[in-house]
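The structure under discussion appears below in the form of structure tokens.
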Amino acid sequence: MVENKKRDLLIPKNDVVFHALFREDNKEILENLISAIVGEEVKVETTDKNRFVEITSSEEKMGIMDLRAELKGGMQCTIEI
């Protein structure tokens, strides 16, 4: 008799899973994600390991993005889930 076992899936909203999926050597997956968000085909030029958002005044809150990338053509993408 074959048992039906429920499989636990990795949830992409989890930071560890998100970063594993969208690391620089997975550019095709990353391009597909950004293309789906912006509604047009994109090509990722580079990704940025520094995910901290620069603050310019003492009133601003420090932020950390889940993903920073530069697209061909110079568009900068910062994604926080």
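Just so it is clear, none of the values below were taken in a lab; they were calculated from the coordinates. Predicted, not measured: the structure shown is a model, and the values here were computed from it. With ideal geometry, Cβ positions are generated from the backbone for all residues, glycine too; neighbour counts draw on all protein chains shown.
Laid out as a table, the results:
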item: Additional length obtainable on full extension of the chain from ILE79 to LEU21, 0.36 nm per residue less Cα span; result: 19.5 nm
item: Matching label, log10 I(q)/I(0) by the Debye sum over Cα atoms at q = 0.11, 0.21, 0.23, 0.26 Å⁻¹ computed from the structure shown, candidates [x] -0.27, -0.96, -1.12, -1.34; [y] -0.53, -0.88, -0.95, -1.05; [z] -0.39, -1.00, -1.13, -1.31; result: [z]
item: Zone of ASP8's modelled label, taken as backbone nitrogen in segment 46-81 under 19 Å from a point 7 Å along Cα→Cβ; result: none
item: Tilt relative to the chain, helix 27-38 - C-alpha long axis, 0 to 90 degrees, to 10; result: 70
item: Dipole magnitude of segment 36-81 about its Cα centre (Cβ charges: Lys, Arg +1; Asp, Glu -1), debye to nearest 20; result: 140
item: Within the chain, helix-based [θ] at 222 nm, where runs of 4 or more DSSP H residues each add -39,500 (n - 2.57), nearest 500; result: -7000 deg cm²/dmol
item: Amide H contacts under 5 Å for LEU67, placed H, 5+ residues apart; result: ILE79
